[in-house]
1. Please specify each residue of region 62-85 satisfying the condition of being of a type in the set (Phe, Trp, Tyr) and open to solvent by 40 Å² or more (accessible area, probe 1.4 Å).
2. If you go through region 86-118 one residue at a time, how many are farther than 19 Å from Ser53 by Cβ, free of Cβ contacts under 8 Å to residues at least 60 places away in the same chain and either open to solvent by 50 Å² or more (accessible area, probe 1.4 Å) or touching a Lys or Arg at 6+ places or on another chain (Cβ under 9 Å) (or both)?
3. If you scan region 13-60, which residues turn out to be farther than 25 Å from Leu74 by Cα, open to solvent by 80 Å² or more (accessible area, probe 1.4 Å) and modelled with pLDDT under 90?
4. Hey, Val80 hits all of (1) touching a Ser or Thr at 6+ places or on another chain (Cβ under 8 Å); (2) at pLDDT 95 or above; (3) of a type in the set (A, V, I, L, M, F, W, C) but one; which does it fall short on?
Amino acid sequence: MRFTRTPLLTLVFALAFLSVAPSASADTTIPGANITVDTVWSPAGGTYIITSSVAVADGATLTILPGTVVKMNLGQYFFVDGTLTLGGVGGDLVTITSIKDDSVGGDTNGDGSASAPAAGEWGSI
């Protein structure tokens with residue numbers, strides 16, 4: 001049998017490689033970004049902390065893999081002119097929440113139990 005590599009198969013292998021990359025012990029801080037090339041965020045990046053709004057440019061795709069936690073600073077937004085793809089099934093979902101939410105991804109704002117999340121703290125997608 002002859003094996004022929006197709007672009008889809010190459011993409012599947014690339015995503016599989018990304019999803020089994022060694023886990024990071026630290027969170028990933030995103031100090032605002034203009035995503036202009038296809039980008040993947042995965043649980044291996046720890047909790048993604050958005051300190052300033054993020055824009056996905058026309059023609060670019062931000063893929064957030066199952067199990068990834070994204071925490072938004074107060075008043076920040078996701079602007080999407082390109083594509084935002086969120087993966088998740090069953091209990092392994094993508095979580096996008098407030099920086100004050102200690103129930104997922106730990107106490108990323110470092111204030112112990114002094115704050116609690118509330119609706120409307122971060123902008124929108």
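1. Tyr77, Phe79
2. Restricting attention to region 86-118, the residues satisfying the condition of being farther than 19 Å from Ser53 by Cβ are 87-93, 102-107, 110-116, 118.
Pick out the ones that are also free of Cβ contacts under 8 Å to residues at least 60 places away in the same chain and you get 87-93, 102-104, 106-107, 110-116, 118.
Within this subset, residues satisfying the condition of being either open to solvent by 50 Å² or more (accessible area, probe 1.4 Å) or touching a Lys or Arg at 6+ places or on another chain (Cβ under 9 Å) (or both) are 89-93, 102-104, 107, 110-111, 113-116, 118.
Looking only at that region, the number is 16.
3. Passing the criteria: Phe13, Phe17, Val20, Pro22, Ser23.
4. Evaluating Val80 over (1) touching a Ser or Thr at 6+ places or on another chain (Cβ under 8 Å); (2) at pLDDT 95 or above; (3) of a type in the set (A, V, I, L, M, F, W, C) leaves (1) as the failure.
The values are calculated or read from the model by the stated rules, or taken from the named source; none is laboratory data. Everything quoted here is computed from the prediction, not taken from an experiment. Ideal geometry is used to build each Cβ from the backbone, glycine not excepted, and the neighbour counts take in all protein chains shown. Quick note on the areas: whole protein, heavy atoms, side chains included, nothing else; ligands and nucleic acids left out. Shrake-Rupley method; radii C 1.70, N 1.55, O 1.52, S 1.80 Å.
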